[in-house]
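Undergrad: This is the structure, below, for whatever I ask next.
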Amino acid sequence: MAYIRRPKIESMFANYRFTAAERFMRYVKIDTQSDPRSNTHPTSEKQKDLSRLLSEELKQLGLADAHMDEWGYVYATIPSTSDKKTPVICFCAHVDTAPDCSGTNVKPILHNNYQGQAIVLPDDTSQVLRLSEQPYLRTQIGNDIITASGLTLLGADDKAGVAEIMDFANYLVQHPEIKHGEIKILFTPDEEVGKGTAKVDLKKLGADFGYTLDGGEKGSLEDETFSADGVVVTIHGVIAHPGYAKGKMINAMKIAGEILAALPKDRLSPESTEGKRGFIHPVRVEGIAEKCTIEFIIRDFNTEGLSKKEDYLRTQIEERMRTYPKASFEFHVNEQYRNMKEVLDMHPQVVEFAREGILRAGLELKMESIRGGTDGSRLSFMGLPCPNLFAGEQAIHSKLEYVSVQDMNKAVETMVHIAMVCEEKN
Ligand SMILES: [Zn+2]
């Protein structure tokens, strides 16, 4: 039997007063929107307002080494309570909110005992949460739901994860009898603008593997992301005075138009694919008659699938270019990130502990793949295998964003169980 000290689940949290929701309501009021146009770290200084508060609160919990560094990352350690040599686990969440929607003056509203009614957000009554449009709400009848007020996003992505990790730390500090190894806490800035790992110091962190708390439905565990490349195609035309260009000019922009028109419409595009299928997606065109560049993003769950798509794209371009022997093109591929599964498959216990933790929390396990990347995909390839756990966040990056108190508490329970499973198994 693999798990000897299976705890009595009911008793473990029966007398615990969860603090995740209370913390969450405070954290979302702090504006931490990241800025995609900025080249500083963090991309917006205001993210540090929350990071500073978190490191203070961690210190107050008794985590002596808690601190925020100059880049706005928060690091802290929960010391081991076990005599065994146990791997060091990290729990990680991001403090910033998405630039898609305002994060200024967020007014969180707690709707107790939700009964399936439409929730009209008071500051903009055209913003209505409806069961018919948010099927996950069906699982929340009787629960307590937190929304914003209609003018901003809520920031459950990822302050739900932040608040849950804080409450998890609080729980472990109050329950020294729970056996677990050393645990690291990491809060990062700039996840939403793709720079969440830019200044992370994994050596200082010193964890063997980790979990980001940045997912949706309770019980979900994401161990797969896209693999991603960027492709920049530069087309060199032939320039001439337009009054005397007959038989000479080759307009690079027109070639670009032909290339775009030749892309398949019923497959290989974001608008025609779902599930495990990848795509070739033009994201930007820029140019003049002489020279034009097209930027593509290429996505696939298999890294070999990426190069197949790149070969296909190159062939398409070569075919178009055949009509214009005097024009030429360059084709540059940049690696963006890789499917974390490539790393996680080499460390199967990381996903296994999370599965067991979710089941012990009394939840149904939902294994999912992300049609995108997470900080976890980058961290995994930087040496910290890191799948993504649910945090309860829903309708993210929008004014209808919400999270339930009960889902948040389940995420806290899940982390406690993961910490215990990891200690038991070693
Ligand atoms: Zn997120």
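Undergrad: Across segment 202-217, what is the number of residues that are part of a loop (DSSP other than H, G, I, E, B) and under 20 Å from G373 (Cα atoms)?
TA: The qualifying residues number 2.
Undergrad: Would you say G362 is under 19 Å from R138 (Cα atoms), out of contact with any strand residue (DSSP E or B) (no Cβ under 7 Å at 6 or more places or on another chain) and either open to solvent by 30 Å² or more (accessible area, probe 1.4 Å) or within 16 Å of the ligand (Cβ to nearest atom) (or both)?
TA: Taking the combined requirement at face value, the residue satisfies it.
Undergrad: Being in contact with a helix residue (DSSP H, G or I) (Cβ under 9 Å, 6 or more places away or on another chain) and either of a type in the set (S, T, N, Q) or over 25 Å from M321 (Cβ atoms) (or both) is the filter here; which residues of segment 252-276 pass it?
TA: Correct list: empty.
Undergrad: Among the residues of segment 178-196, what is the count of those that are of a type outside the set (A, V, I, L, M) and either under 11 Å from the mean Cα position of the chain (by Cα) or modelled with pLDDT under 95 (or both)?
TA: Residues meeting the conditions: 6.
Undergrad: Residues of segment 370-399 being open to solvent by 20 Å² or more (accessible area, probe 1.4 Å) and more than 16 Å from the ligand (Cβ to nearest atom), which ones?
TA: Once the filter is applied, which keeps residues that are open to solvent by 20 Å² or more (accessible area, probe 1.4 Å) and more than 16 Å from the ligand (Cβ to nearest atom), segment 370-399 yields F381, M382, G383, K399.
Undergrad: Something else now. Count, please, the residues in segment 153-183 that happen to be in contact with a Lys or Arg (Cβ under 9 Å, 6 or more places away or on another chain) and more than 16 Å from the ligand (Cβ to nearest atom).
TA: The total comes to 5.
Undergrad: Then there's this: Out of all the residues in segment 93-113, which are assigned to a strand (DSSP E or B) and within 16 Å of the ligand (Cβ to nearest atom)? Working first, answer last.
TA: Residues of segment 93-113 that are assigned to a strand (DSSP E or B), as a first pass: 93-94, 97, 109-111.
Within segment 93-113, A93, H94, T97 qualify.
Undergrad: If you check D229 against the conditions, is it assigned to a strand (DSSP E or B) and open to solvent by 20 Å² or more (accessible area, probe 1.4 Å)?
TA: It is false that D229 is assigned to a strand (DSSP E or B) and open to solvent by 20 Å² or more (accessible area, probe 1.4 Å).
Undergrad: Now for a separate question. Against the definition (within 30 Å of L389 (Cα to Cα), touching a Pro at 6+ places or on another chain (Cβ under 9 Å) and of a type in the set (S, T, N, Q)), how does T212 come out, yes or no? Please lay out each step first, then the result.
TA: Working: within 30 Å of L389 (Cα to Cα): yes; touching a Pro at 6+ places or on another chain (Cβ under 9 Å): yes; of a type in the set (S, T, N, Q): yes.
Answer is yes for this residue.
Undergrad: Tell me, please, whether a residue that is within 16 Å of the ligand (Cβ to nearest atom) and of a type in the set (A, V, I, L, M) can be found in segment 205-223.
TA: Yes, segment 205-223 contains at least one residue that is within 16 Å of the ligand (Cβ to nearest atom) and of a type in the set (A, V, I, L, M).
Undergrad: Quick check: anything in segment 410-421 within 16 Å of the ligand (Cβ to nearest atom) and surrounded by 21 or more Cβ atoms within 10 Å (Cβ to Cβ)?
TA: yes
Undergrad: Also, quick follow-up: Can we say Y211 is closer than 30 Å to T414 by Cβ and aromatic (F, W, Y)?
TA: Answer is yes for this residue.
Undergrad: Right, here's the next one. Failed condition for L131, given (1) in contact (Cβ under 8 Å) with a residue 40 or more places away in the chain; (2) of a type in the set (A, V, I, L, M); (3) in contact with a helix residue (DSSP H, G or I) (Cβ under 7 Å, 6 or more places away or on another chain), with all others met?
TA: (1)
Undergrad: Is at least one residue of segment 150-166 open to solvent by 10 Å² or more (accessible area, probe 1.4 Å) and part of a loop (DSSP other than H, G, I, E, B)?
TA: Checked against the condition, which is being open to solvent by 10 Å² or more (accessible area, probe 1.4 Å) and part of a loop (DSSP other than H, G, I, E, B), segment 150-166 yields at least one hit.
Undergrad: Test each condition in (1) open to solvent by less than 40 Å² (accessible area, probe 1.4 Å); (2) assigned to a loop (DSSP other than H, G, I, E, B); (3) not acidic (D, E) for T125 and report the one that comes out false.
TA: Going through (1) open to solvent by less than 40 Å² (accessible area, probe 1.4 Å); (2) assigned to a loop (DSSP other than H, G, I, E, B); (3) not acidic (D, E) one by one, T125 breaks only (1).
Undergrad: Got a number for residues in segment 184-201 being more than 13 Å from the ligand (Cβ to nearest atom) and part of a strand (DSSP E or B)?
TA: Qualifying residue count for the region: 3.
Undergrad: Considering only residues of segment 397-426 that are in a loop (DSSP other than H, G, I, E, B) and either at pLDDT 95 or above or among the polar types (S, T, N, Q) (or both), which is nearest to S80 (Cα to Cα)?
TA: Step by step, filter segment 397-426, then rank; the result is N426.
Undergrad: How about segment 177-223: which of its residues are under 22 Å from L54 (Cβ atoms) and open to solvent by 50 Å² or more (accessible area, probe 1.4 Å)?
TA: E182, K195, A198, K199, D201, K203, K204
Undergrad: While we're on this one: Filter segment 293-348 down to residues that are of a type in the set (S, T, N, Q), surrounded by 13 or more Cβ atoms within 10 Å (Cβ to Cβ) and over 21 Å from the mean Cα position of the chain (by Cα), then give me how many there are. Can you show your working first?
TA: Restricting attention to segment 293-348, the residues satisfying the condition of being of a type in the set (S, T, N, Q) are 293, 302-303, 307, 315-316, 323, 328, 334, 336, 339.
When the remaining residues are screened for being surrounded by 13 or more Cβ atoms within 10 Å (Cβ to Cβ), the result is 293, 302-303, 307, 316, 328, 336, 339.
Those left that are additionally over 21 Å from the mean Cα position of the chain (by Cα): 293, 307, 316, 328.
Total meeting the criteria: 4.
Undergrad: Now, a different point. Being assigned to a helix (DSSP H, G or I), over 21 Å from K159 (Cβ atoms) and small (G, A, S) is the filter here, so list the residues in segment 349-396 that pass it.
TA: Correct list: A354, G357, S377, S380.
The values are calculated or read from the model by the stated rules, or taken from the named source; none is laboratory data. Small disclaimer: the values here were computed from a predicted structure and weren't measured. Methodologically, a virtual Cβ is constructed for each residue, glycine included, from the backbone with ideal geometry; neighbour enumeration extends over all protein chains shown. Ligands, DNA and RNA are excluded from the accessible area calculation, which covers all protein heavy atoms including side chains. Shrake-Rupley method; radii C 1.70, N 1.55, O 1.52, S 1.80 Å.
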